[in-house]
Structures are given as C-alpha cells and as structure tokens.
Amino acid sequence: MNNIAVRNTARFVLLILVQVLVLNNMNLGGYLNPYIYVLFILLLPAKINKSFILVLAFFTGLTIDYFGNTLGLHAAATVLLAFFRPAVLNLFFKNIEFSSGEEPGLNKIGLGGFTRYTLVLVFIHHSAIFFLEVFSFSDFLTILYRIALSTLLSTAIIIITVMLFSKK
C-alpha cells in the first residue's frame, strides 16, 4: 500500500510540474492544448473507492487551476473524467479482473486497450474543458476541431509517456 501511495504521489508531482512548467507555456497554433496531467487519474488503481477518486480528481484539477488561473475549469473537467472512469473501465475491460492496487496500464490491458481507454476519457475531459471555456455553442465546429486535435495530441503524448516509463 505504501509503495502505491509513494508512486502515485511522485506521479502527481511530476505530471503537475510538466503540465504547468512546459505544456501550459507552449503555443501550438491556438488549437492544440495538450493536457498530460490527466494521466494521474487514468493510472490510479482500478479498484479504488469512487468517492476518493473524485476527491483526488478535484484536487488535481484545482492544482492546475491554481497555476493556470482558470477558476475551476480543470477541476470540473477532471472530476467529470473521474466520474466516467469506472464506467469506461467496465465497458472495455469487464472480462479482466484487476487485483487490489493494480492500475489499468499497458502491462494489464495492452496497447490497444489502453489507447481506447485513454482516448475516450481524454475526449470527455477535453470536451468539458473547451465547452466550459467558451460556454457557448456559437462556434460549435471550431470547438469540435479543438477538442479533436487536442484529444489526439494529448492521447499520443500520454501513450508515449506510458510506453517510456512502463516496465516492459
């Protein structure tokens, strides 16, 4: 249990630092906004208390909001991601039995499964972020374009990161 807590605390700090110090300061044409900090929520153990994961998601999003001065935007989107996470895990991996403390990583669900899992949850997160940011449906196609591009970029960065740091 202690090893899981230390690993997740280190992951939280590193992902927040990369997001705040590097990715938030990149200008990628105004349409691309990679958010790698969601990897913290994605890689939490599969059998975790649902209330606890919502609290962790809120704290994670609030930390990004604090450094980005976005007033709860990331907190709301990250809590939404955490809310849908158990349903997505059940939808894609109902036949896979996760042991206590086991995370849904590449070693357990494979590259294809992890890509689907990540793509769906990052799409939910990015949809919430961009629609809450604009708070209007007036530029619907532009918002969808931003969601699609940012989802693909974030998913690619997340998968590359997980592949670089996985044990296999």
Q. Mind checking which residues of region 46-103 are β-branched (Val, Ile, Thr) and under 19 Å from residue 124 (Cβ atoms)?
A. 48, 53, 55, 60, 64, 70, 78, 79, 88
(Q) Exactly one condition in (1) under 17 Å from residue 45 (Cα atoms); (2) in a helix (DSSP H, G or I) is false for residue 116; which is it? (A) (1)
Q: Filter region 72-88 for residues that are in contact with a helix residue (DSSP H, G or I) (Cβ under 9 Å, 6 or more places away or on another chain), in a helix (DSSP H, G or I) and either exposed (fewer than 14 other Cβ atoms within 10 Å of the Cβ) or not hydrophobic (A, V, I, L, M, F, W, C) (or both) and give the result.
A: 74, 78, 85, 86
Q) For region 37-61, what are the residues that are under 14 Å from the mean Cα position of the chain (by Cα) and outside any loop (DSSP other than H, G, I, E, B)? A) 39, 40, 41, 42, 53, 54, 56, 57, 58, 59, 60, 61
**Q.** Any pair with Cβ under 7 angstrom, 6 or more apart, that starts in region 102-119 at a residue that is of a type in the set (D, E, K, R) and ends at one that is at pLDDT 90 or above
**A.** 102/45; 102/46; 103/43; 103/44; 103/45; 103/46; 116/92
Q: Select from region 100-114 the residues that are of a type outside the set (Gly, Ala, Ser), within 20 Å of residue 37 (Cα to Cα) and surrounded by 17 or more Cβ atoms within 10 Å (Cβ to Cβ) and list them in ascending order.
A: 103, 104, 106, 114
Q. When you scan region 1-56, how many residues do you find that are of a type in the set (Val, Ile, Thr) and at pLDDT below 90?
A. 1
**Q.** Only listed residue being over 18 Å from residue 40 (Cβ atoms) and at pLDDT below 95, chosen from 164, 132
**A.** 132
**Q.** Residue pairs meeting the criteria (Cβ under 6 Å; at least 6 apart or on separate chains; first farther than 16 Å from residue 62 by Cα, in region 9-24; second part of a helix (DSSP H, G or I))
**A.** 11/40
Q) How many residues are crowded, with 17+ Cβ neighbours inside 10 Å and either under 19 Å from residue 128 (Cα atoms) or not hydrophobic (A, V, I, L, M, F, W, C) (or both) when one looks only at region 146-161? A) 9
Q. Looking at (1) acidic (Asp, Glu); (2) touching a Pro at 6+ places or on another chain (Cβ under 6 Å); (3) surrounded by fewer than 17 Cβ atoms within 10 Å (Cβ to Cβ), which is the only condition residue 97 fails?
A. (2)
Q: Looking for whichever is surrounded by 15 or more Cβ atoms within 10 Å (Cβ to Cβ) and among the aliphatic types (A, V, I, L, M) here; the options are 91, 42. Which one fits?
A: 42
(Q) When you check residue 61 against the structure, is it of a type in the set (Gly, Ala, Ser), closer than 24 Å to residue 145 by Cβ and surrounded by fewer than 17 Cβ atoms within 10 Å (Cβ to Cβ), yes or no? (A) no
Q: Scan region 131-143 and give yes if some residue there is of a type outside the set (A, V, I, L, M, F, W, C) and either assigned to a helix (DSSP H, G or I) or under 12 Å from the mean Cα position of the chain (by Cα) (or both), otherwise no.
A: yes
Q) Do the conditions hold for residue 129, that is, is it surrounded by 20 or more Cβ atoms within 10 Å (Cβ to Cβ), of a type in the set (A, V, I, L, M) and over 21 Å from residue 15 (Cα atoms)? A) no
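The values are calculated or read from the model by the stated rules, or taken from the named source; none is laboratory data. Quick caveat, the model's predicted, so the values are computed rather than measured. Using ideal geometry, Cβ is built from the backbone for each residue, glycine included, and neighbour counts are taken over all protein chains shown.
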